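Notes follow once the structure below has been shown.
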Amino acid sequence: MEALTKADPQALLWQHLKDTPQGLFFVRDHPAEDFVLPFYCEEAHLAIEVDDDPFRPRDDAARERWQDRHKVDIMQVPPSHVLRNAGEVAEAILDIATRRKERFAK
């Protein structure tokens, strides 16, 4: 259990997303105006954030404008979920990304 608490959830998740799984190309640390998206799949219009508190108040006006302009949804995943089972989290992300890719391909 000691090793789990020291693990980096973003690094764990990246191990599952980095090799173009299911033909989906993810990039790390994608620059988007004045912020950075930790994981981004352009063809699915999907970004992933590993966030301890997805409900914390933020000043997100620029980010929301960018999302609207590019039709991107940002999926927030608690680090504890990634640490418990990065493979399952990645599978859920890939399922969502695959459906979004199909929708945007039309």
Note on Ser80: of the conditions (1) surrounded by fewer than 16 Cβ atoms within 10 Å (Cβ to Cβ); (2) closer than 16 Å to Leu17 by Cα; (3) of a type in the set (Ser, Thr, Tyr), unmet is (2)
Residue pairs qualifying under the 6 Å Cβ cut-off, at least six apart or on distinct chains, with the first in segment 38-52 being farther than 16 Å from Asp19 by Cα and the second being in a loop (DSSP other than H, G, I, E, B), are His45/Lys71; His45/Val72; Ala47/Val72
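Could you grab me the full set of residues in segment 47-67 that are more than 14 Å from the chain's Cα centre (by Cα) and at pLDDT 80 or above?
Kept after step one, since they are more than 14 Å from the chain's Cα centre (by Cα), are these residues of segment 47-67: 53, 55-66.
Residues satisfying the conditions are Ala61, Ala62, Arg63, Glu64, Arg65, Trp66.
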Counting only residues in segment 22-41 that are modelled with pLDDT under 95 and farther than 21 Å from Pro79 by Cα, the one surrounded by the fewest Cβ atoms within 10 Å (Cβ to Cβ) is identified as Asp34
Considering segment 97-106, residues that are closer than 24 Å to Phe35 by Cβ and more than 11 Å from the chain's Cα centre (by Cα), and then whichever is surrounded by the fewest Cβ atoms within 10 Å (Cβ to Cβ), we arrive at Phe104
Note on segment 67-106: residues hydrophobic (A, V, I, L, M, F, W, C) and touching a Lys or Arg at 6+ places or on another chain (Cβ under 9 Å) are Ile74, Phe104
From the option list Ala11, Ala44, single residue qualifying as small (Gly, Ala, Ser), buried (at least 16 other Cβ atoms within 10 Å of the Cβ) and at pLDDT 85 or above is Ala44
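The values are calculated or read from the model by the stated rules, or taken from the named source; none is laboratory data. Fair warning: this is a prediction, and the values are worked out from it, not measured in the lab. Note that we place each Cβ from the backbone using ideal geometry, even for glycine, and neighbour counts take in every protein chain shown.
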